[in-house]
Amino acid sequence: MGLLDRRLLKTLDLPLIALVMVLMACGLVLISVAVRARGMLDLVEKQAVFAVAGLATMLAVTLWVDYRTLPRVQWYLYGAATAGLAAMLVVAPEINGCRCWIQAGPVSLQPAEFVKPILILVLADRLARHEDRPWTWLDLVPVGAMVAPLALLVLKQPDLGTVLVFFGITGGMLLMAGYPVWRLFGLATAGLAAATGLVWAQLRFPDKISLLEPHQLMRLVVFINPYNDGQNGLGAGYHVLQSRLAVGNGRLFGQGLTGTSQTATSFLPEPQTDFIFAVAAETLGFVGITLLVLLLLALLLRALHDTTQAGDTYGMLLGAGVVSMLATHFIINAGMTVGLMPITGLPLPFISYGGSNLLTNCISLGLLMSAYARRHKILF
C-alpha cells in the first residue's frame with residue numbers, strides 16, 4: 001500500500017464500517033435461523049464469504065478509487081451495463097418467471113444489482129453540472145434519458161423491484177441537487193396515478209393490455225386483499241399472510257433463536273431473502289426488531305452525514321444516491337413484510353441472503369467513503 005493510501009487510512013469512517021459489520025453479523029444469525037429447518041445451512045457459509053469479500057471490496061474502493069476520476073469511465077460502464085441487461089433477455093435462463101440471474105461457477109449473480117451504482121455515477125455527474133439557475137421541467141429530460149433505458153430493460157426481465165430502486169435513487173439525488181420538492185411530489189403523484197390507471201386497465205381488459213406479468217399483477221391484487229388470490233389466501237396471498245403471522249408471533253421479546261415458529265416450521269416462504277425482516281420480528285420480537293431498525297437508521301444517518309461532508313457537489317450527489325438506494329431497499333422490504341407495500345422481492349440491506357446485493361451495497365458505500373475520505377487535502 002502506498003503512502004497516499006496509508007494517509008487515507010486516517011480518514012476512514014470507522015463508525016460506518018463498524019455499523020456495516022454489525023449488520024452483516026446480524027444477517028448471518030438471522031439467515032441461519034431462516035434456513036435451519038430447511039437443511040440449507042450452507043447458505044450461511046456462502047453469505048459469510050460474501051460478507052468478507054464485500055468488506056474487502058468496500059475498503060479497496062475507498063482507498064484506491066478516487067471518486068473524482070470516475071466521470072472519465074462512467075459512460076463506458078453505462079454502455080456495458082445497458083448491453084449486459086439487453087443480453088440478459090437473451091442468454092439468461094428463466095428462473096421463477098424472471099431472467100434476472102446468471103450462473104458464475106458455484107454462485108448465481110444478479111447483474112441488475114451492479115447497475116445501481118453505475119446509474120448513481122452518471123446521475124451525479126449530470127446533476128453536478130447544473131448551473132446556478134432555476135430548475136425547470138426540461139431539466140428532467142436528460143435525467144429521464146439516463147434512467148429510462150436501464151429501467152425498461154430491467155422491467156422486461158421482469159424485475160419491478162429494481163426499477164423502483166432506480167426511481168428512489170433518482171428522486172433522492174434530485175432532491176439533494178435542489179430540485180423543487182413540490183415538483184418531485186407532483187411527479188410522484190402523477191406517476192402513481194398513471195400506474196394505478198394502467199393496473200386497473202389491465203385488470204379490466206386483460207386481453208388487450210399486458211404491461212405487467214400475471215404474477216406481478218396478482219401481487220398488486222393481494223396487496224389490497226391477500227385472500228383475493230382465487231385460492232382464499234393459499235395462492236399469491238400466502239406469502240404476505242404468513243409474513244404477518246410471523247411478525248405477530250414475535251410479540252414483545254420474540255420466539256428466540258431456536259423457538260417454534262413460522263420460520264422453524266417452514267411456513268414462511270423465502271425467509272432468508274424477501275422476508276428476513278419477518279424472521280427478525282418473529283425471532284427477536286418487538287424489542288429486537290426495534291433495535292435492528294435503529295441500527296439500519298444509524299447506518300443511513302451516518303452515510304448521510306458523510307454525504308453532507310463531501311468536498312464537492314459531485315461527491316455529495318454520489319453519496320445521496322447511495323443513501324437513497326439503501327433507504328429505498330429498507331422501506332420497501334420492511335413495508336412488504338407487514339403488508340404496507342406490495343411484494344417486490346427487494347432484499348433488506350446487509351441482512352438478507354444474497355451476494356449480488358451485498359457486494360453492490362459495499363461497492364456503493366465504498367464510493368461514498370471515497371468522497372468522504374478525500375473531502376480535505378491530505379497534508380499529514
Review point. Mind ordering 198-206, 365-373 by average Cβ neighbours within 10 Å, highest first?
Key: 365-373, 198-206
Exercise for review: Pop a pseudo-label 7 angstrom from the Cα along the beta-carbon direction at both residue 91 and residue 130 and give the gap in nm to one decimal.
Suggested key: 3.7
Review point. What do you get when you divide the Cα radius of gyration of the range 125-250 by 2.2 N^0.38 Å, with N the number of residues?
Key: 1.34
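What longest range of the chain stays clear of loop-exposed GluC sites (Glu not before Pro) (DSSP non-H/G/I/E/B, at most 10 other C-beta within 10 angstrom)? Walk me through the intermediate numbers first.
Details: sites that count: 94, 131.
Answer - 132-380.
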Review point. Given Cα pairs under 8 Å that are at least 6 residues apart, what percent is the relative contact order of the chain?
Key: 29
Review point. R0 = 22 Å: FRET efficiency of residue 232 with residue 196, Cβ-based, nearest 0.05?
Key: 0.30
Review point. Taking 0.36 nm per residue of separation and subtracting the Cα-Cα distance, what length does fully extending residue 338 through residue 41 add?
Key: 104.3 nm
Check your understanding: Tally Lys and Arg at +1 and Asp and Glu at -1 over the other residues with C-beta under 11 Å from the C-beta of residue 98: what net charge comes out?
Key -> -1
Study note, to complete from the structure: Computed ³J(HN,Hα) along the range 278-283: with the Karplus parameters 6.51/-1.76/1.60, θ = phi - 60°, integer Hz and x for glycine or proline, the list is 5, 4, 5, 5, 6, 6
Check your understanding: Gain in length, residue 309 to residue 141, computed as 0.36 nm per residue apart minus the alpha-carbon separation, to one decimal in nm?
Key -> 57.6 nm
Check your understanding: Which of the peptides 307-313, 143-149, 158-164 is most tightly packed, and how do the rest follow, going by the mean number of other Cβ atoms within 10 Å of each residue?
Key -> 158-164, 307-313, 143-149
Point to revise | Karplus (6.51, -1.76, 1.60) ³J(HN,Hα), θ = phi - 60°, over the range 86-96, in Hz, Gly and Pro reported as x | key: 5, 5, 4, 5, 9, 9, 6, x, 7, 10, 6
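Local charge sum around residue 221 (other residues, Cβ-Cβ under 15 Å, Lys/Arg +1, Asp/Glu -1)?
Residues near residue 221 contribute 0 overall.
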Check your understanding: Any idea how many Lys pairs in the chain come in under 30 angstrom at the alpha carbon, given 8 or more places apart or on separate chains?
Key -> 7
Check your understanding: Applying 1/(1 + (r/R0)^6) with R0 = 35 Å to the Cβ-Cβ distance of residue 76 and residue 175, what FRET efficiency is obtained, to the nearest 0.05?
Key -> 0.80
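Can you pull the Kirkwood radius for the chain, inverse mean 1/r over Cα pairs, to one decimal in Å?
Values: mean 1/r = 0.0460 Å⁻¹.
Hydrodynamic radius (Kirkwood, Cα only) of the chain equals 21.8 Å.
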Review point. What list do you get for 141, 44, 338 if you sort them by fewest beta carbons within 10 Å?
Key: 141, 338, 44
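At a temperature of 37 °C and a viscosity of 0.692 mPa s, determine how fast the range 195-241 diffuses translationally according to Stokes-Einstein, using the Kirkwood radius over alpha-carbon pairs as Rh; express D in µm²/s, rounded to the nearest whole number.
Details: Rh = 10.8 Å.
The diffusion coefficient I find is 304 µm²/s.
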Check your understanding: Pick from 225, 333, 96: which is most flexible by mean-square fluctuation in a GNM of the chain where alpha carbon atoms under 10 Å apart are linked?
Key -> 96
Study note, to complete from the structure: The relative contact order of the range 94-197, taking Cα pairs under 8 Å that sit 6 or more residues apart, comes to a percentage of 28
Review point. Could you give the nm distance between label points at residue 11 and residue 257, where each point is 7 Å from its Cα heading toward the beta carbon?
Key: 4.0
Check your understanding: Considering the range 51-172, what Rg and Dmax in Å follow from its alpha-carbon atoms?
Key -> 16.1, 52
Review point. What does the helix-only formula give at 222 nm for the chain: each DSSP H stretch with n ≥ 4 adding -39500 (n - 2.57), the total divided by the residues, and the result rounded to the nearest 500 deg cm²/dmol?
Key: -22000 deg cm²/dmol
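None of the figures in this text is laboratory data; all of them are computed from the coordinates on show. Just so it is clear, the model here is predicted, and its values are computed rather than measured. Here the Cβ is made from the backbone with ideal geometry for all residues, glycine too, and neighbour counts use every protein chain on show.
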